[in-house]
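Just passing along the structure, written as structure tokens.
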Amino acid sequence: MVNILRWIFDKKANDQVEAHNNMKKFLIVGLGNIGEQYNNTRHNVGFAILNYFASKNDVNFKTEKLGDRTVFKLKGRKFVLLKPSTFMNLSGKAVKYWLDKEKIPLESLLIITDDLNLSFGSIRLKNKGSDGGHKGLKDIQDKLNTTKYNRFRFGISDSFVQGRQTDYVLGEWSEEELQKLPERLDKSIALIKSFGLAGINNTMNEFNGK
């Protein structure tokens, strides 16, 4: 009787370990620059979205190799959230390292970045495309040797004076933007969860342009 109970207990424990190991995983990477001077800038919206996600879901980032990382689990999915510490223009090294480390397939990668060509707060999700002049995306494309990866672009608009693009991108949000930002961040969290639960195509249909 004791042996039967022990066998049942061991089998249950092994099943739980196997279920954990087979949990479908996603790598969600928010692009940004490290350093306090960049914390509230438009260019760091990738970091801002993941920080907001973590605060709303009671998970905490820990500094690890090539970035700050945390894990969020939902309905059999494991979301690995990463903020690279390599600076924006060298993001590819961190992305490739954690894809390989976590054994996550390319189709389960989502890169979050800012986009000057979209109005403030606009959302555009794509499963491939060019870097659009974004140096962070270009480095990821070079390191992964493909343009076929999922990217979530968050609009920061192009409301800057000619010749002042860098100052605008690296500038802090305006008061008006800050008032509207929480609702847009909530929408971004919903998009990330949908990406893991419903897939890229359903998520594009639901969120693009919203």
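The values are calculated or read from the model by the stated rules, or taken from the named source; none is laboratory data. No experiment lies behind these values; they were computed from the predicted model shown. FYI the Cβ positions are ideal-geometry reconstructions off the backbone, even for glycines, and counts take in every protein chain you see.
Would it be correct to say that residue 147 is surrounded by 13 or more Cβ atoms within 10 Å (Cβ to Cβ), within 21 Å of residue 35 (Cβ to Cβ) and in contact with a Lys or Arg (Cβ under 8 Å, 6 or more places away or on another chain)?
The answer is no for residue 147.
Now, a different point. Mind listing just one residue for me: the one in segment 150-175 that is part of a helix (DSSP H, G or I) and surrounded by 14 or more Cβ atoms within 10 Å (Cβ to Cβ) and, of those, farthest from the chain's Cα centre (by Cα)?
Here the residue is 168.
Just to check your reading of the model, which residue among 78, 62 is in contact with a strand residue (DSSP E or B) (Cβ under 8 Å, 6 or more places away or on another chain), surrounded by fewer than 17 Cβ atoms within 10 Å (Cβ to Cβ) and either modelled with pLDDT of 95 or more or among the β-branched types (Val, Ile, Thr) (or both)?
When all the criteria are applied, what remains is 62.
Which residues, taken from segment 24-47, are crowded, with 20+ Cβ neighbours inside 10 Å, within 21 Å of residue 125 (Cα to Cα) and either under 8 Å from the mean Cα position of the chain (by Cα) or of a type outside the set (Gly, Ala, Ser) (or both)?
Hits for segment 24-47 are 26, 27, 28, 29, 30, 31, 42, 43, 44, 45, 46, 47.
OK, next. Would it be correct to say that residue 128 is touching a strand residue (DSSP E or B) at 6+ places or on another chain (Cβ under 9 Å), charged (D, E, K, R) and surrounded by fewer than 14 Cβ atoms within 10 Å (Cβ to Cβ)?
yes
Only one residue in 140, 156 is farther than 23 Å from residue 69 by Cβ, in contact (Cβ under 8 Å) with a residue 40 or more places away in the chain and touching a strand residue (DSSP E or B) at 6+ places or on another chain (Cβ under 7 Å), so which one is that?
Only one candidate passes the filter, namely 156.
While we're here: Return yes or no: is residue 97 part of a helix (DSSP H, G or I), at pLDDT 95 or above, under 21 Å from residue 138 (Cα atoms) and among the hydroxyl-bearing types (Ser, Thr, Tyr)?
It is true that residue 97 is part of a helix (DSSP H, G or I), at pLDDT 95 or above, under 21 Å from residue 138 (Cα atoms) and among the hydroxyl-bearing types (Ser, Thr, Tyr).
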